[in-house]
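See below for the structure under consideration.
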Amino acid sequence: ITDADSVDTTYTTDVRRCTIKRAGRSKSGTALVRMSNEDGRFTADINTDDVIQIYADTNNPPTTRRFAGYVIKKKVDMAGWRQNELVLECWDYKAVLNNVLVTESYVSKEISIIQTDIVSNYLATYGYGTGNIATTTTTVDDVRFSYKPLGEVMDQLCLIAEEGGYLWYVDDSKVINT
């Protein structure tokens, strides 16, 4: 977990359970992490908006990143057998895109040019990149977005491109891929 001051902390033996749900076409991926929190030691260390990266495989320590995103909610669970457990709800990097509103218009532009322009203009300040946006064979005559969530804009453009067979996602390095 990386906090607002860019301090990285690794928690390995303290994680009791982790459930990851991958992102869909218009949904963000989520993770629910349950950690032992004896004596409340992690309550002050982990905060909402901290970056979380989850690694899991047979290596010790694990080297395969399975999830990357933000802590959006934390609570201490004192009920039942899980006494003093810190519960973290997390969203992947795609979730940010639903909070960014796009107001743009494009005339006679190919889909990937529009996507690259939107990501560059609206997401660069959040650290997102455009390295893997594939060129399509679809040029849009006229398309306008008026305060539309960026995730919905990307969905709409992918539906137009290649008659809906064009998909997009945000990888664990904050790169937009199509």
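The values are calculated or read from the model by the stated rules, or taken from the named source; none is laboratory data. For clarity, every value in this text was computed on a predicted model and none was experimentally measured. As a convention, Cβ positions derive from the backbone with ideal geometry for all residues, glycine included, and neighbour counts pool all protein chains shown. Areas reflect the complete protein model, heavy atoms only, side chains present, ligands, DNA and RNA absent. Shrake-Rupley method; radii C 1.70, N 1.55, O 1.52, S 1.80 Å.
Overview of results
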| item | result |
| --- | --- |
| Residue under evaluation residue 167, criteria (1) touching a helix residue (DSSP H, G or I) at 6+ places or on another chain (Cβ under 9 Å); (2) modelled with pLDDT of 90 or more, criterion not met | (2) |
| Top-ranked residue of segment 24-35 - restricted to ones that are in contact with a Leu (Cβ under 8 Å, 6 or more places away or on another chain) and open to solvent by 60 Å² or more (accessible area, probe 1.4 Å), ranked as modelled with the highest pLDDT | 32 |
| Condition met for residue 155 (in contact with a Lys or Arg (Cβ under 8 Å, 6 or more places away or on another chain) and modelled with pLDDT of 85 or more) | yes |
| Qualifying residues in segment 91-117 (those that are part of a strand (DSSP E or B), over 15 Å from residue 174 (Cβ atoms) and not small (Gly, Ala, Ser)) - the one least open to solvent (accessible area, probe 1.4 Å) | 102 |
| Residue count, segment 64-86 (criterion: part of a strand (DSSP E or B) and either of a type outside the set (Val, Ile, Thr) or at pLDDT 90 or above (or both)) | 14 |
| Flag for residue 159 being out of contact with any strand residue (DSSP E or B) (no Cβ under 6 Å at 6 or more places or on another chain), closer than 20 Å to residue 23 by Cα and either part of a helix (DSSP H, G or I) or open to solvent by less than 20 Å² (accessible area, probe 1.4 Å) (or both) | yes |
| Residue list for segment 46-57, restricted to those being under 17 Å from residue 10 (Cβ atoms) and either open to solvent by less than 80 Å² (accessible area, probe 1.4 Å) or touching a residue at least 12 places away in the same chain (Cβ under 8 Å) (or both) | 46, 47, 50, 51, 52, 53, 54, 56, 57 |
| Checking residue 125 against (1) open to solvent by less than 20 Å² (accessible area, probe 1.4 Å); (2) more than 24 Å from residue 21 (Cβ to Cβ), the condition it does not meet | (1) |
| Top-ranked residue in segment 128-155 [being in contact (Cβ under 8 Å) with a residue 40 or more places away in the chain and charged (D, E, K, R); ranked as least open to solvent (accessible area, probe 1.4 Å)] | 155 |
| Segment 3-20 - residue that is of a type in the set (Asp, Glu) and surrounded by fewer than 15 Cβ atoms within 10 Å (Cβ to Cβ) and, of those, modelled with the lowest pLDDT | 5 |
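Results for (1) acidic (Asp, Glu); (2) more than 20 Å from residue 172 (Cβ to Cβ); (3) surrounded by fewer than 17 Cβ atoms within 10 Å (Cβ to Cβ), shown as yes or no for each residue.
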residue	(1), (2), (3)
22	no, no, yes
37	no, yes, no
44	no, yes, yes
59	no, no, yes
66	no, no, yes
71	no, no, no
